[in-house]
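Contents: one structure, followed by commentary.
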Amino acid sequence: MDKASLIGFLIGFAALTFVFYEVSHGHFMMFFSGEGVLMVGVGSISVTFMAMPMEKVKLVPAYVKRWLFNKSLPTVEVIQIISKLSEKARRDGILALESEIASIPDPFLAAGLKQAIDGVEPANIESTLRMELAAMAERHKAGKKFFDLLKLYGPGYGLVGTLVGQVGMFGKLASADIGALGHALAIAVVATMYGAILANAIAGPMGDKLAMRSAEEMQNREMMLQAILSIQAGDNPRVTLDKTLAFIPAVARTKLKAA
């Protein structure tokens, strides 16, 4: 589980709960509006169905899981694996890596090395792996797109709820019923609040986290691609290591070289 995601969620939930309690003195139901939930929640969900293909909508649970659980290998671990493989290839020959394929935790790296071991031309290896990278980037865009839609249209539906509440309030001015006017005004304000919370406390951060993880995974796999080509070319392990270290900050490079 990604600790930062969990910590951020708990901090935000605690802050909202404390503010709600202070304002309502424990009467949390004053912040609940069935009309607001229908307008913002159900309305936002309807947008995702209209804007995304059904096969992408079915993957929403996977997007949420991806936000909460990060299964990608850390960059440092990737570099360590590559360094170990390049040293073995230099010492025993690239065919000796065939026994290591099954133990490589990343399928992209394993597939690329298998092609190198089988003697596939470097240009063909690079072409195939780059197509896989492009396909992966498109899949990741779909995940972020879902949260971007919620971030964009959630506040919009909140505004619609506000306008509906105001229309209802104006329609009851003639009766001068303070209770009815207050109820209509509460619907208007709460709908806007729901939209703001959905966009700024849920959809926005989750989409940004997915985008960052996508960028990190793309960088890791570009690093793997360069390492595979370097190993196949028979480069010195130090040259291969330097090529992979080029993808990380200078401070981290020094620590890894020392290790």
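The values are calculated or read from the model by the stated rules, or taken from the named source; none is laboratory data. Everything numeric here is computed off the predicted structure, so don't read it as measured data. Counting neighbours? That spans all protein chains shown, and the Cβs are built from the backbone with ideal geometry, glycine included.
Descriptive notes on the structure:
- Filtering the range 60-110 to residues that are touching a residue at least 40 places away in the same chain (Cβ under 8 Å) and of a type in the set (Lys, Arg) leaves 66, 90.
- Residue list for the range 24-40, filter: part of a helix (DSSP H, G or I) and surrounded by fewer than 16 Cβ atoms within 10 Å (Cβ to Cβ): 24, 28, 29, 30, 34, 37, 38
- Residues of the range 112-161 that are small (Gly, Ala, Ser) and over 26 Å from the mean Cα position of the chain (by Cα): 116, 119, 123, 127, 161.
- Residue match in the range 152-169 (condition: touching a Pro at 6+ places or on another chain (Cβ under 9 Å), hydrophobic (A, V, I, L, M, F, W, C) and either under 26 Å from residue 67 (Cβ atoms) or not assigned by TED's automatic domain parsing to the domain that holds residue 15 (or both)): no
- Whichever residue in the range 58-111 is of a type in the set (Val, Ile, Thr) and under 18 Å from residue 230 (Cβ atoms) and, among such residues, is nearest to the chain's Cα centre (by Cα): 75
- Unique match (being buried (at least 21 other Cβ atoms within 10 Å of the Cβ), part of a helix (DSSP H, G or I) and touching a residue at least 60 places away in the same chain (Cβ under 8 Å)) among 230, 214: 230
- Of all residues in the range 199-211, those that are surrounded by 19 or more Cβ atoms within 10 Å (Cβ to Cβ) and either over 16 Å from the mean Cα position of the chain (by Cα) or of a type in the set (Gly, Ala, Ser) (or both) total 3.
- Residue that is of a type in the set (Gly, Ala, Ser), touching a Leu at 6+ places or on another chain (Cβ under 9 Å), touching a residue at least 12 places away in the same chain (Cβ under 8 Å) and assigned by TED's automatic domain parsing to the domain that holds residue 253, where the choices are 44, 5: 44
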